[in-house]
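Step one of this worksheet: look at the structure below.
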Amino acid sequence: MASLTYREAGVDIAAGEALVEAIKQVARATARRGVLGALGGFGALFDPRAAGFTDPILVATTDGVGTKLRLAIESGNHDSIGIDLVAMCVNDLVVQGAEPLFFLDYFATGRLNVGAAERIIASIARGCIEAGCALVGGETAEMPGLYGGEDYDLAGFAVGAAERGRLLPQGVMPGDTVLGLAASGVHANGFSLVRRIVAASGVALAAPAPFAPAMSLAEALLQPTRLYVKSLLALHRAGLLRAAAHITGGGLPGNLRRVLPEGMVAALDAGAWTVPPVFRWLAQAGGVTPEEMLRVFNCGIGMAVVVADAARAGRCLPPLGNGCSASVGSRRPLGRGRFASIRRTTGSRDAAAPQAGGRANQRAWFQPRRPPRRIARRRLPRRDRAGDLQPRQRRRIGRRGSASDTGAHHRASRLPSRPRPA
């Protein structure tokens, strides 16, 4: 038998080492207070006291991106999928009152494409910078035979900290308000259903998106998950945040109730926010019921926060940015608004089901929007300062009919006239 090498078996050690060297710079750009050492060791070191904590409780999360990866692979768009990975982890941290400290990633592939891997890890680093956490390490695994070709999978691991006594949720009471923070799109949940709908619709990934013609369908669906770290930490540090729910799999009904105390329920106002066009298209193209849409997708609200003082909380929230086109609640331009309140439950604790408007309102969420009809504006005859018609207008009305038959003049004649000077 001829001598074999690891490379001939499908694992290129030199390519892996080249990737590590290529990503050192992007990882270094994420450094923050508390990080000890650099990439290349057997483990990462972090000092919470150097990061400003006195009595910290550590909070850890892990997540992936799911089959949204399939769209990235098929379209060759790897430039934002790492932001999804970071967001799915750190958004789960911050709802517990924790500040994200550091992040690690796991990248597995059938055959290592160094160029694509660089783009993916660079997007992970951008997500870490936006979230304020350090990319302190990761693992690249080349596994021929387990993954086909250059297919890949991602997993992320985040660790954060909160001072003892500052963990969330706490203090939720009946009468508190729930504010909705706008999603940037579908985020990273429900893509097995999304991909099935895309296949059934016959729309190619490279074709213009039916709900956003300025982008391709792939670009529109791959919009990265919004990071809510800065918004929620601002509320928490101001003492305004009582609870928060990251709206992922399970939608509003499945996630909001996870942060409410026993015996309390969120009464949602189904007409308080506008569902973005992407969800209306998914519902229409796939024939998905409103109940299923609410259970699978965020439907425009990526984060729900419970506050006692909605007015102060609204002023405290920073602009969400990130190109959000869907405003939530009372159509506020920054993508946040009141859409629910907390009350005591009187029966089943299956809360977070929209109350106002019922099923008819839910169905209306996912109906395609018709452009408003243009209504011709009727020109009213001009009047002089005394309130009477000007001579030219009198002649015009005289040719068309009596003034009493002219609706415009009839309305004008009911306005009080000023007395004529003697």
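The values are calculated or read from the model by the stated rules, or taken from the named source; none is laboratory data. Please read all numbers here as calculations on a predicted model, not as lab measurements. For neighbour counting, all protein chains shown are included, and Cβ atoms are generated from backbone atoms with ideal geometry for every residue, glycine included. These area figures cover heavy atoms from the full protein model, side chains too; ligands, DNA and RNA do not enter into them. Shrake-Rupley method; radii C 1.70, N 1.55, O 1.52, S 1.80 Å.
Side notes on the structure shown:
- Evaluated at q = 0.14 Å⁻¹, a Debye calculation over the C-alpha positions of the stretch 1-152 (equal weights, vacuum) places log10 I(q)/I(0) at -0.72.
- Theoretical FRET efficiency, 1/(1+(r/R0)^6), r = Cβ-Cβ of Gln284 and Glu150, R0 41 Å, to 0.05: 0.75
- Residues Glu163, Glu262 ordered from highest to lowest accessible area at a 1.4 Å probe: Glu262, Glu163.
- Accessible heavy-atom area order of Met173, Met303, highest first, probe of 1.4 Å: Met173, Met303
- Shape of the stretch 20-66 from the C-alpha gyration tensor: oblate (a/c of 1.5 or more and a/b not above b/c, with a ≥ b ≥ c the square roots of its eigenvalues).
- Computed over the stretch 180-293: relative contact order in percent, which uses C-alpha pairs under 8 Å that are six or more apart: 29
- Length added when fully stretched, Arg312-Ala204, from 0.36 nm per residue minus Cα-Cα: 34.3 nm
- Accessible surface, 1.4 Å probe, highest first, among residues Ile129, Ile83, Ile124: Ile129, Ile83, Ile124
- Segment Ala50-Leu4, length gained on full extension (0.36 nm per residue, minus Cα span): 11.6 nm
- Area accessible to solvent at Leu154, 1.4 Å probe radius, in Å²: 10
- Thr62 - accessible surface, heavy atoms, 1.4 Å probe, Å² rounded to 10: 80
- Each label point was placed 7 Å from the Cα along the Cα-to-Cβ direction; for Ala141 and Glu74 their separation is 2.6 nm.
- Within the assembled protein chains, the solvent-accessible surface assigned to Ile73 is about 40 Å², based on a 1.4 Å probe.
- Multiplying the residue separation of Phe42 and Glu262 by 0.36 nm and removing their Cα-Cα distance gives an extension gain of 74.8 nm.
- Inter-label distance for Gln170 and Arg33, nm, one decimal - labels placed 7 Å from Cα along Cα-to-Cβ: 2.2
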